[in-house]
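Everything below concerns the one structure shown next.
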């Protein structure tokens, strides 16, 4: 296969399809999403069979546990894909909406119209459900998309792609509005990110190495986050049972996701009481603790043999483990917690557990991350949980889109002017 020619063809088809999608009716877009859901449901056994082939190959190649977890397609995850499609279909269509209309002294009216970005290239690893999430959001927002999944998920993605193509064809929308790159050659990525004549924006989803490479080499604008070093801070006014529940859930509900907590900060006034209980709770999940000097002393004083405990290094405060490992630090209070988070965080998601309202308000004002929470697990930093239906990724950038990127994040705005014959003097 000639990769240059192949990617050029995908780009040309996507650009043509994007023009058709920009004028597609809300009814047609919703009908396509629901048709895709029906084809996925009808192909459930084929999807799981294709995924089993990918899983077997990945295990044989020594893929790490966190990536294997992301790769697996279970019935529950297929159900979530179907629910996501239905939710996106139920969302208001942002395209064509007029906002901020105002009259000017000249008599003209000026406002903004929401429009698609055009062609979106999405590069991702392991998670085949991203294929459906990305396709649904791009279609509903009137865009065309080129999807390049990881080589480890090639069979799964092709099986899902067949369902998407069938759904588009059923309602008469261009099948080339969603194209899955069929080659595992890495050169395809290099071509995709350097085709500004065909691709308007790139969204990389995957490991830090992938995203750094895309950000460095792309000639197309990139919506990205490099990693998810998320924090839980337990304030000295926190409800004890709530603090333990949130801190444990944020770390252990799933290990291989970017919104999983990687660092726990505990106010020194409650550390002696809470840390032994937390250490015991984490031990039941097999979580290894990387603890500061104060945390080590407190946990060692009461730790059972099943607690996995090591001294933290400076590197641990920056780390996104994507594994059952957690960094723990005792801090003097809110000021030190905010300072620590703003220094070490990847600006993804942070939460405070507190019953003190003024401190909670300070935390959400002063912590500089894309999602900041009060008394809730960081695992809620997700497009589905935020009511976006699905997400195309979580952006830690500050320009264009920040946080979970849903429909609005895949659109832009243009100015519109309504006149009645005015000319400028």
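The values are calculated or read from the model by the stated rules, or taken from the named source; none is laboratory data. The structure presented is a predicted model; accordingly, all values stated were derived computationally and were not measured. FYI the Cβ positions are ideal-geometry reconstructions off the backbone, even for glycines, and counts take in every protein chain you see.
The figures follow:
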quantity: Residue within the stretch 216-238 that is in a helix (DSSP H, G or I), in the same structural domain as residue 12 (by TED's automatic domain parsing), under 27 Å from residue 19 (Cβ atoms) and at pLDDT below 95 present; calculated: no
quantity: Sole exception among (1) in contact with a helix residue (DSSP H, G or I) (Cβ under 7 Å, 6 or more places away or on another chain); (2) crowded, with 19+ Cβ neighbours inside 10 Å for residue 46, by number; calculated: (2)
quantity: Test: residue 103 is more than 25 Å from residue 143 (Cβ to Cβ) and in contact with a strand residue (DSSP E or B) (Cβ under 7 Å, 6 or more places away or on another chain); calculated: yes
quantity: Test: residue 313 is in the same structural domain as residue 275 (by TED's automatic domain parsing) and out of contact with any helix residue (DSSP H, G or I) (no Cβ under 8 Å at 6 or more places or on another chain); calculated: yes
quantity: Exclusive hit being closer than 26 Å to residue 141 by Cβ and either in contact with a helix residue (DSSP H, G or I) (Cβ under 7 Å, 6 or more places away or on another chain) or surrounded by fewer than 21 Cβ atoms within 10 Å (Cβ to Cβ) (or both), set 63, 71, 34; calculated: 34
quantity: Residue check, residue 251 closer than 29 Å to residue 396 by Cα and in contact with a helix residue (DSSP H, G or I) (Cβ under 8 Å, 6 or more places away or on another chain); calculated: yes
quantity: Meets criteria (closer than 18 Å to residue 78 by Cα and modelled with pLDDT under 95) for residue 130; calculated: yes
quantity: Test: residue 28 is in contact (Cβ under 8 Å) with a residue 40 or more places away in the chain and within 19 Å of residue 164 (Cβ to Cβ); calculated: yes
quantity: Qualifying strands (runs of 3 or more DSSP E) (wholly inside the stretch 308-425; at least 2 residues being under 17 Å from the mean Cα position of the chain (by Cα)); calculated: 349-353, 371-374
quantity: Failed item in (1) surrounded by fewer than 22 Cβ atoms within 10 Å (Cβ to Cβ); (2) farther than 17 Å from residue 85 by Cβ; (3) at pLDDT 95 or above, with residue 144 passing the rest; calculated: (1)
quantity: Filter pass, residue 250 being without any contact (Cβ under 8 Å) to a residue 60 or more places away in the chain and buried (at least 24 other Cβ atoms within 10 Å of the Cβ); calculated: no
quantity: Filtered residues of the stretch 385-396 (kept if crowded, with 16+ Cβ neighbours inside 10 Å and modelled with pLDDT of 85 or more); calculated: 394, 395, 396
quantity: Residue match in the stretch 2-15 (condition: modelled with pLDDT under 95, over 19 Å from residue 83 (Cα atoms) and assigned to a helix (DSSP H, G or I)); calculated: yes
quantity: Options 353, 307: the member that is surrounded by 16 or more Cβ atoms within 10 Å (Cβ to Cβ), in contact with a helix residue (DSSP H, G or I) (Cβ under 8 Å, 6 or more places away or on another chain) and under 24 Å from residue 237 (Cβ atoms); calculated: 353
quantity: Test: residue in the stretch 265-272 that is closer than 30 Å to residue 206 by Cβ and buried (at least 17 other Cβ atoms within 10 Å of the Cβ); calculated: yes
